[in-house]
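For reference, the structure is listed below as structure tokens.
Values quoted throughout were computed directly from the atomic coordinates according to the rules given, and no laboratory measurement underlies them. Since we're looking at a predicted model, the values are computed, not measured. All Cβ positions, even for glycine, are placed from backbone atoms using ideal geometry, and neighbour counts span all protein chains on display.
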Amino acid sequence: MKKLLLLFPCLLSLVVSFAQTYPTSADIYLGLKKLNVLGSVLYIAAHPDDENTRLLTYFSKDKLYRTGYLSLTRGDGGQNLIGDEQGVELGLIRTQELLSARRIDGAEQFFSRAFDFGFSKNPQETFQHWDKEKILSDVVWVIRKFQPDVIITRFPTTGEGGHGHHTASAILANEAFTAAADPNRFPEQLKYVQPWQTKRILWNTFNFGSTNTTSNDQFHFDVGGYNPILGKSYGEIAAESRSQHKSQGFGVAKSRGEALEYFRTTGGVPPSNDLFDDVDVSWKRVKGGEKIEQMINSTIALFDFMQPQRSVPKLVAIYKSLNELPQSYWRDQKIKETKDLIEGASGMWMEAYTSQQYAVQGDNVTINFVLNDRLGVGAKLDEVIVDKFDSSFSVGLEKNRNFSFARSMFVPETKEISQPYWLQNKMEEGYYNVSNQQLIGQPDISPAYIVQYTLTIDGEKIPFAKKVNYKFTDPVKGEVYEPVFVVPAATVVAEPNILLFQKNQASVKKAFVQVNANRNLSGNANVAVQSPVYTMSYHDSLFSLKKDNNNTYSFAINSSKLANFKTTNLLGFFNTSHNQDTVYGYLSMRSIDYPHIPSIRYFFPDGIKMLNLDLQTYNKKIGYIVGAGDKVPDALEQMGYEVTLLTEKELARNNLQQYDAIIAGVRSFNTNEWMSKYYDKLMNYVENGGNYIVQYSQANNIRGGKMGPYNFVVSAKRVTDENAEVTFLKPEHPVLNFPNKITQDDFKGWIQERSIYHADRLDTNFQTIFRMHDPGEAPDDGALVIAKYGKGYFTYTGLVFFRELPAGVPGAYRLLANIIALNRKKEF
Ligand SMILES: [Zn+2]
């Protein structure tokens, strides 16, 4: 297990828990108390990290409410401080970080289909990308399912939250507050859920230092208390939760002592004494519930911390009585909690695991089942169900003896691969396409296998669901649990990501297709690269590839054989057939592994983006200072440059004059404190005819010191409209003319944004090249600034080459080639 969880499973959805941990007697005691609380609260904001973890912790651990956090997005557009994953991949990482945080603070996690497409300045811009009605329907859906008594928003509808997504999240929450109760809104959901009227919605006002929206006349209460049962204060637990946002670098200190939270009611009757004024959070909510409350009270009164199993008969009686009540939201919720308490109090070990990470379509997987009645409550195993395997037993489990067995199961080709549900369909620019209503809101991928164990305890048959994990022992980390993934028999990798041809220049470039066998494959095989304008294939009648091996096929692509295309996407394909066994592979599998989160796998059709560009280059050798990690060096190589990656060692050692241009990777000045040590050397390089190009660093976090020969500052100014009009301030400047003539066409087809972290307060030696602005904002000239210094050039640019080059945007290539040519160092 990777993370010690201080929670017991009843605060989580059982089947998504990362590793199998058991509650202490203190946790069980708290869980018994919680059985008597029938209240729920839903917090709504836009991103992973927006949520107020201290407030969530207080609700779930002190008030013992069912507590949820709906983050509209998975944080796909944020910064990544731990690797080069961007977009959906970053969303996958941050999804897992958020789930780790929830395992600590005890809240449940939900998402909408909204995609975090990057910064937006106001909700109007946000709603241009998100389909507002669609995302509203998701918020309504989560409310109708979760049925919160109280909704809390992190941000106001009036803009003080800054980011357009923030304001949009508050607008949607407040509209959904009304719409969820209205049967005429989103009636298609009423097949599964009922309209739901939340009692009140409040904005959790904030003091972020620069903006203080709290005031003493607002409704407020203290959430900074200490919980002796847990041995922690809510501020301490909250800090542990928040520090899970590692891709954001959000480690925070633990706070102790009074912590007031303030609220402004935006819908429903404002509270006067308690947030839950006029909400009954007792068993009176449930018809026939008074009896249950008494049973719970007597269980609590007699709870024995040394022998929690003594409560099991009472818990089983509660479980039985709950099942006799008519179906209702709280009955079902409390049945789940009671089952988790029975499991925890009895110390019943129920596990299912594999010793292989992948269940391969067309191959077998062995599942190991282990049960142990560790405190001897006298349980009997009746049934084990997993997929189509259904076995009846009648085995009395002995006290503290492992009962284990294994089954080898065939993984049919029809078993769905383990693809996160939100990536199953091609996404739109502003949201994920999810067709199955029931999946919307779910935080995580569905487990590959779930085992249902049915046990008889105290005369009652009780089903328990357990996710099947991959378990192994690492010599350093010890026992490790990871998810099991269902994978296809073969996957392919097509490389490189970009294949760049220069128009009217004959050239041959190589494309590669790697075939990976996830099981033994043999027979007749075809491997191909394929696009609407170009196909090339290779046939192998004696194909044979052993499990876990791979073969790479190379394809020489001759530009003269290509039609006059602009861009095309070349996909890698593979198929093989032998007797009845036909395997067709075109998906690539991406593995994302970090120590703080469970392994992530997802699948996508791997393509090679072929570009046919009217691109001239000048200069040859480039030194690239590695920053936070970006894909610009690959693009530079495709453009025909020789690229040397420069880490601190090379910067110290190498004679920089050998490079025609030196480019600092994105956020070099944020990640590399040592940049300041090489300032003089780099300026010397420029003075002697070099060409030093610095890509953006974040304004608030510059650690690498001064960047250029003349003064300027990096500001937070940005242009997030990727179609913003661009005015050429100096049409005669070489950067717009040599070796490529830059025109308005070069600013077509950009993605996500134009430019971030502009240069500002410029020394008069700088020349500005472009003027641009977002709708409703003042024009800014800081996206590209160039200064001549000695015989060379210095450039700072916030233009997002790191996004546009991998996306194959032609204008970005042509403009970057011109910046690289500024010093015209080499004569050809
Ligand atoms: Zn945010």
A 31 angstrom limit on the alpha carbon distance is what I want to check against. Which of K246/K509; K510/K620; K145/K609; K61/K426 exceed it? K246/K509; K145/K609; K61/K426
For K232, enumerate residues with amide H under 5 Å from its amide H, sequence gap 5+ or separate chain, H modeled in the peptide plane. N227
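Can you compute the equivalent ellipsoid semi-axes for the range 760-807, i.e. the square root of 5 times each eigenvalue of the Cα gyration tensor, sorted largest first and rounded to whole Å?
Each semi-axis is the square root of five times an eigenvalue, giving 22, 17, 6 Å.
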Projected-area average for the range 579-663 over all orientations - Cα convex hull basis, square nanometres: 10.5
Picking from G344, A180, N823, whose Cα lies most toward the positive end of the charge dipole for the chain (charges on Cβ: Lys, Arg +1; Asp, Glu -1)? N823
Is the range 64-127 best put as rounded, prolate or oblate by its Cα gyration tensor, with a ≥ b ≥ c the root eigenvalues, rounded for a/c under 1.5, and otherwise prolate when a/b is larger than b/c, oblate when not? oblate
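Expressed in nm², what is the orientationally averaged projection area of the convex hull enclosing the Cα positions of the range 663-803? List each step's numbers first, then the result.
Details: hull surface 33.1 nm².
Dividing the Cα hull surface by four gives the mean projection, 8.3 nm².
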Regarding the range 293-355, what whole-number volume in Å³ per residue does the convex hull of its Cα atoms give? 99
In this structure, among K621/K741; K33/K471; K380/K466; K63/K254; K621/K717; K134/K320, pairs with alpha-carbon gaps over 29 Å are K33/K471; K621/K717; K134/K320
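Output needed for the chain: three equivalent-ellipsoid semi-axes, defined as square roots of 5 times the C-alpha gyration tensor eigenvalues, in descending order, whole Å. All intermediate terms of the calculation are to be shown ahead of the outcome.
Working: eigenvalues 534, 248, 109 Å².
For the chain, the semi-axes come out at 52, 35, 23 Å.
Which order do the peptides 418-429, 604-615 take when ranked by the mean count of other beta-carbon atoms within 10 Å per residue, highest first?
Going by the mean number of other Cβ atoms within 10 Å, highest first, we get 604-615, 418-429.
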Work out how far the C-alpha atoms of the range 470-588 reach from end to end along every principal axis, then list the three figures in whole Å, largest first. 59, 39, 19
Would you mind giving the three semi-axes, in whole Å and largest first, of the ellipsoid equivalent to the range 146-204 according to its Cα gyration tensor? 24, 12, 8
Once amide hydrogens are built 1.01 Å from N within the peptide plane, the residues lying 5 or more places from V486 or on another chain with amide H under 5 Å from its amide H are A359, S418
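When only C-alpha pairs under 8 Å and at least 6 residues apart count, what is the relative contact order of the chain, in percent? Mind dumping the intermediate values first?
On the way: 1896 pairs, mean separation 77.2, N = 828.
Computed value for the chain: 9 percent relative contact order.
Loop only by DSSP, 15 or fewer other Cβ within 10 Å of the Cβ. Give me the trypsin sites (Lys or Arg not before Pro) in the range 264-349 that pass, ordered by residue number. Walk me through the intermediate numbers first.
Numbers: sites: R264, K284, R285, K287, K291, R310, K314, K320, R331, K334, K336, K339; in loops: K287.
Those satisfying the criteria are K287.
What does the charge dipole of the chain about its Cα centre add up to, to the nearest 20 debye, if the Cβ of each Lys and Arg holds +1 and the Cβ of each Asp and Glu holds -1? Numbers along the way, then the final one.
Details: 89 positive and 90 negative charges, 199 e Å.
It comes to approximately 960 debye.
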Under the Karplus relation with 6.51, -1.76 and 1.60 and θ = phi - 60°, whole-Hz ³J(HN,Hα) for the range 91-96, x at Gly and Pro, equal x, 5, 5, 6, 4, 5
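Kirkwood Rh over alpha-carbon pairs of the range 524-585, then Stokes-Einstein at 25 °C and 0.890 mPa s: what D in µm² s⁻¹, rounded to an integer? Don't skip to the answer; put the middle values down first.
Values: Rh = 13.3 Å.
D, rounded to a whole number, is 185 µm²/s.
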Run the numbers for T454 and K748: contour at 0.36 nm per residue of separation, minus the present Cα-Cα distance, in nm. 99.8 nm
Treating the beta-carbon of each Lys and Arg as +1 and of each Asp and Glu as -1, no other charges, what is the dipole magnitude of the range 265-396 about its Cα centre, to the nearest 20 debye? 360
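Take the alpha-carbon positions of the range 357-415, form their convex hull, and give its projected area averaged over all directions (one quarter of the hull surface) in nm².
Reported value for the Cα convex hull: 4.5 nm².
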³J(HN,Hα), Karplus 6.51/-1.76/1.60, whole Hz, each residue of the range 582-591, x for Gly, Pro: 10, 10, 10, x, 9, 8, 9, 10, 9, 10
In order through the range 668-682: 3J(HN,Hα) via Karplus (6.51 cos²θ - 1.76 cosθ + 1.60), integer Hz, x for Gly, Pro: 3, 7, 8, 8, 10, 4, 6, 4, 4, 5, 9, 4, 4, 5, 5
The range 224-329: D in µm²/s via Stokes-Einstein (Kirkwood Rh, Cα pairs, 4 °C, 1.567 mPa s)? 71
Determine the shape class of the range 785-828: with a ≥ b ≥ c the square roots of the Cα gyration tensor eigenvalues, call it rounded for a/c under 1.5, and otherwise prolate if a/b is greater than b/c, oblate otherwise. oblate
Magnitude of the charge dipole, the range 131-178, Cβ model with Lys/Arg +1 and Asp/Glu -1, debye to 20: 120
Rounded, prolate or oblate for the range 32-155? Axes are the square roots of the Cα gyration tensor eigenvalues, ordered a ≥ b ≥ c, and the cut-off for rounded is a/c under 1.5. oblate
For F464, what residues show an amide H to amide H distance below 5 Å, using hydrogens built from the backbone and excluding near sequence neighbours? Y453, T454, L455
What is the pair-distance distribution P(r) of the range 121-171, computed from all Cα-Cα distances in 10 Å bins starting at 0, with each bin given as a whole percent? 26, 48, 24, 1
May I ask which residue of S355, F410, F389 lies farthest towards the positive end of the charge dipole of the range 350-423, with charges of +1 (Lys, Arg) and -1 (Asp, Glu) on Cβ and the Cα centre as origin? S355
Note the angle between two axes, namely the Cα long axis of helix 132-146 and the longest principal axis of the Cα atoms of the chain, as a number of degrees from 0 to 90, rounded to the nearest 10. 20
Dipole axis of the range 31-99 (+1 Lys, Arg; -1 Asp, Glu on Cβ), positive-most option in G87, T73, Y58: Y58
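Any idea what the relative contact order of the range 48-115 is, in percent, if you count C-alpha pairs under 8 Å spaced at least 6 apart? Before the final figure, lay out each step's value.
On the way: 90 pairs, mean separation 29.6, N = 68.
So the answer I get is 44 percent.
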P(r) for the range 733-819: what percent of alpha-carbon pairs falls in each 5 Å bin, starting at zero? 3, 13, 23, 26, 20, 10, 3, 0, 0
